[in-house]
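The structure appears below as structure tokens.
Derivation of every value follows stated rules applied to the coordinates shown; laboratory data play no part. All figures in this text were calculated on a predicted structure; none of them were measured in a lab. Note: ideal-geometry Cβ built from the backbone for every residue, glycine included; neighbour counts use all protein chains shown.
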Amino acid sequence: MLAYAIIGLCIGALSSVPPGLCNLSVINAACRHGLRRSVATGLGAATGDLSYASLAVVGVGPLFSHHPGMVRWLQAVSGLALLGYGVVNVWRRATRSRGAARPPAPTGGTTFRRGFASGLGLMLANPAALMTWVIVVGTLLPSASPLQAWCLVAGIGTGSFGMYCIVAMLACRGAQAFGDRMQRLSTAVGVAIIGYGAFLLSRAV
């Protein structure tokens, strides 16, 4: 069981290393809202990883094989969700750049919930993540007992969250060191999300 947990830990951590939408969102949250919001965003993204890895354990893989059209529907829904999220992100940044009144700062609990929802939503809106976890976890399960399989999944979630926490702390230090220059990353994140949403819609069509 320990071996499977360690394997999952390593896989989860490595999956969060390449720069992607969730990593960018964690960095963006650190620059705009601070460490608490950034860690909450990472926790949401890691929960998404955990959820998709769990689907692989319960055997969702064959469902995609038997119903290939489901992938296109997932891409369409994900593309629309990401487009909306990206447009709102860019619009808020542009509004604040023009000197519009800044809304009241949310409380600690509110900012944590918003960060968690943001990270979870971005991960769940990424069909590539679902397909990746179904394939990766599926290849490790044939020789595993149910308990070993869930240890693997728990390790994936833990490793993913740990790596996002490291990204959050580094981003917060960068925001403190570079100030306004790091704030510009918010617009870049929004544009990247809009681009990926449009890409998913084009694939679905």
| request: Between L147 and W91, with labels modelled 7 Å along Cα→Cβ, what's the label distance in nm to one decimal, could you check? | output: 5.2 nm
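Excluding T110 itself, what net charge comes from residues whose Cβ is under 12 Å from its Cβ, given Lys and Arg +1 and Asp and Glu -1?
+4
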| task | With a Förster radius of 45 Å, plug the Cβ-Cβ distance of I6 and A117 into 1/(1 + (r/R0)^6) and report the FRET value to the nearest 0.05. | result | 0.90
| note | Rounded to one decimal in nm, the spacing of the 7 Å Cα→Cβ label points at W73 and V17 is 3.7 nm
| message | Applying a 10 Å radius around every beta-carbon, put 30-39, 134-143, 78-87 in order of their mean neighbour count, most first. | response | 30-39, 78-87, 134-143
